[in-house]
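The values are calculated or read from the model by the stated rules, or taken from the named source; none is laboratory data. Predicted model, so just to flag it, every value in this text is computed and none were measured. Heads up, the Cβs are rebuilt from the backbone with ideal geometry, glycines too, and the neighbour counts pull from every protein chain shown.
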Amino acid sequence: MQYNFDQVVSRRDTHCVKWDFSKKQCEGKYIIPMSIADMDFETVPEVKKAIIQRANQGIYGYTKVNEGYYESIMNWMMKRHSWELKKDWIVVSSGVVPAINNIIKAFTHPGDKVILQSPVYYPFYKAIVRNGCAIVDNPLKFVQGKYYMDFKDLEHKLKHPRVKLLILCSPHNPVGRVWTGEELRKLGEMCIKNNVLIVSDEIHSDLVYKNYKHIPLAAISNDIRENSIICTAPSKTFNLAGLQVSNIIIPKDKLRREYIIQLENAAALSINLFGMIACETAYKYGEGWLDQLIDYLYENKEVVKKYVGERIPKLKIIEPEGTYLLWIDCRELGMNGMELKDFMLTRAKIQFNEGFTFGKSGEGFERMNIACPRDVLREALGRIEEAVNNL
Ligand SMILES: Cc1ncc(COP(=O)(O)O)c(C=O)c1O
């Protein structure tokens with residue numbers, strides 16, 4: 001079956017964060033939002049159908065997952081990531097961010113330290129600080145247009161006795177790296193050596209471009225598996241973020257028990273009925289849709305690269321290996337973060353995610369969400385070109 005990702009579906013007046021709750025107009029012109037990480041595409045048709053069918057029944061009481069739910073996750077992880085996981089390892093959550101908050105609560109004490117690798121998804125910072133811990137940054141190295149982990153710096157930082165946790169973003173938002181097996185192994189072994197637990201946020205793991213392969217951290221080795229918590233979700237993959245469903249994989253019994261106690265304390269063990277249905281259905285029937293989506297996103301990425309390379313050469317696209325988020329180096333425009341934000345919003349009339357919100361090293365960068373129909377993408381590129389040329 002062919003899916004039509006070119007179709008423009010209006011999201012205005014649908015309680016949509018991206019289209020309804022950010023600045024909508026400037027000087028009479030609509031702003032194109034290319035910000036928050038969801039997609040302007042309809043989800044898998046089978047998912048829509050299953051939700052409508054269930055909604056038609058009319059009773060929306062307390063809900064619990066059954067065998068079919070777990071099987072759909074296990075089959076998906078095996079099929080897409082060659083990762084064999086056990087049913088018992090899966091703990092449902094209303095989201096990856098709530099899960100990360102609960103993980104920090106469960107495995108740290110106030111005053112402990114948590115490592116992250118900037119520039120990185122900004123809720124990680126908040127989760128660490130709000131739970132009474134201190135952020136230890138192990139910034140990524142930016143070498144000739146590509147980001148790498150800085151293992152030398154990490155080695156030093158892991159040694160601090162109060163470092164208890166490292167939050168890995170794999171694939172990495174916003175820089176788009178799909179970490180190699182070698183990188184993951186090195187990171188995993190260094191953390192084991194220093195008794196630091198790894199939380200691997202793998203929410204973008206299904207969205208990886210050709211020639212790259214996502215490797216779940218827990219699939220690297222048995223030792224690394226026992227020292228990791230893997231956050232997965234169907235939400236980025238199938239555009240289900242509003243349904244609030246994710247699955248946290250904790251292979252080690254002791255860690256899982258401790259995490260579940262924290263969930264009980266926070267009364268956070270229940271699941272949303274429609275999220276549950278969407279998750280199971282998407283993992284069962286969404287593979288063909290996803291393959292076409294990835295091809296479409298790949299083309300979108302190529303369109304942006306070509307256009308920017310030929311017509312807006314002051315901007316530099318960091319080649320993404322995965323995710324539908326493009327990290328764009330705008331430093332040649334010579335603006336600070338706030339000036340750049342204002343320029344893109346008021347002159348180009350595009351809303352991006354500001355690079356500086358991902359950490360200090362993101363200053364002068366913008367994150368562009370390319371999960372939109374190609375006509376919208378082209379319109380946005382034209383606007384950026386005109387604004388830059390008029391500088
Ligand atoms: C790396 C990463 N983790 C987590 C989330 C959000 O997860 P959730 O909506 O399940 O809390 C996002 C959304 O953009 C993300 O990019």
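Here are some notes:
- Failed item in (1) over 21 Å from the mean Cα position of the chain (by Cα); (2) assigned to a helix (DSSP H, G or I); (3) hydroxyl-bearing (Ser, Thr, Tyr), with SER270 passing the rest: (2)
- Considering residues of the range 232-270 that are surrounded by 19 or more Cβ atoms within 10 Å (Cβ to Cβ) and β-branched (Val, Ile, Thr) only, the residue nearest to the ligand (Cβ to nearest atom): VAL245
- Condition met for GLY176 (small (Gly, Ala, Ser), under 28 Å from ASP38 (Cβ atoms) and within 16 Å of the ligand (Cβ to nearest atom)): yes
- When residues in the range 90-103 are screened for being over 17 Å from the mean Cα position of the chain (by Cα), outside any strand (DSSP E or B) and either surrounded by fewer than 22 Cβ atoms within 10 Å (Cβ to Cβ) or within 12 Å of the ligand (Cβ to nearest atom) (or both), 1 of them pass.
- Failed criterion for PRO110 (all others in (1) assigned to a loop (DSSP other than H, G, I, E, B); (2) in contact with a Phe, Trp or Tyr (Cβ under 8 Å, 6 or more places away or on another chain) hold): (2)
- Pairs linking a residue in the range 217-242 that is in contact (Cβ under 8 Å) with a residue 24 or more places away in the chain and in the same structural domain as TRP179 (by TED's automatic domain parsing) to a residue that is within 14 Å of the ligand (Cβ to nearest atom) and among the polar types (S, T, N, Q), with Cβ atoms under 6 Å and 6 or more positions apart or on different chains, are LEU217/SER200; SER228/SER200; ILE230/SER200; THR232/ASN247; ALA233/SER246; ALA241/SER235.
- Residues (within 19 Å of LYS301 (Cβ to Cβ) and surrounded by fewer than 20 Cβ atoms within 10 Å (Cβ to Cβ)) located in the range 382-391: GLY382, ARG383, GLU385
- Members of the range 308-349 found to be part of a helix (DSSP H, G or I) and not aliphatic (A, V, I, L, M), listed by number: GLY309, GLU310, ARG311, ARG331, GLU332, GLY337, GLU339, LYS341, ASP342, PHE343, THR346, ARG347
- Some residue of the range 332-345 being out of contact with any helix residue (DSSP H, G or I) (no Cβ under 7 Å at 6 or more places or on another chain) and within 16 Å of the ligand (Cβ to nearest atom): no
- Residues of the range 18-52 satisfying the condition of being aliphatic (A, V, I, L, M), surrounded by 15 or more Cβ atoms within 10 Å (Cβ to Cβ) and assigned to a helix (DSSP H, G or I): VAL47, ALA50, ILE51
- When LYS64, LYS18, LYS24 are checked against the criterion of being over 24 Å from the mean Cα position of the chain (by Cα) and closer than 26 Å to GLU379 by Cβ, a single residue qualifies: LYS24.
- Complete set of residues in the range 355-371 that are surrounded by fewer than 22 Cβ atoms within 10 Å (Cβ to Cβ) and out of contact with any Ser or Thr (no Cβ under 9 Å at 6 or more places or on another chain): PHE356, THR357, GLU363, GLY364
- Breaking point among (1) touching a residue at least 40 places away in the same chain (Cβ under 8 Å); (2) more than 16 Å from the ligand (Cβ to nearest atom), for TYR121: (2)
- Of the listed requirements (1) within 16 Å of the ligand (Cβ to nearest atom); (2) surrounded by fewer than 18 Cβ atoms within 10 Å (Cβ to Cβ); (3) among the small types (Gly, Ala, Ser), GLY322 misses just one: (2).
- All positions within the range 93-118 that are touching a residue at least 60 places away in the same chain (Cβ under 8 Å) and polar (S, T, N, Q): SER93, SER94, ASN102, SER118
- Index of the failed condition, SER200 passing every other in (1) surrounded by fewer than 23 Cβ atoms within 10 Å (Cβ to Cβ); (2) in contact with a Leu (Cβ under 6 Å, 6 or more places away or on another chain): (1)
- Any hit, the range 134-153, residues being part of a helix (DSSP H, G or I) and either within 16 Å of the ligand (Cβ to nearest atom) or within 24 Å of LEU325 (Cα to Cα) (or both): no
- So SER10, is it within 16 Å of the ligand (Cβ to nearest atom), of a type outside the set (Val, Ile, Thr), more than 22 Å from TYR259 (Cβ to Cβ) and not assigned by TED's automatic domain parsing to the domain that holds PRO251: no
- Search result, residues across the range 107-125 that are among the hydrophobic types (A, V, I, L, M, F, W, C) and surrounded by fewer than 21 Cβ atoms within 10 Å (Cβ to Cβ): PHE107
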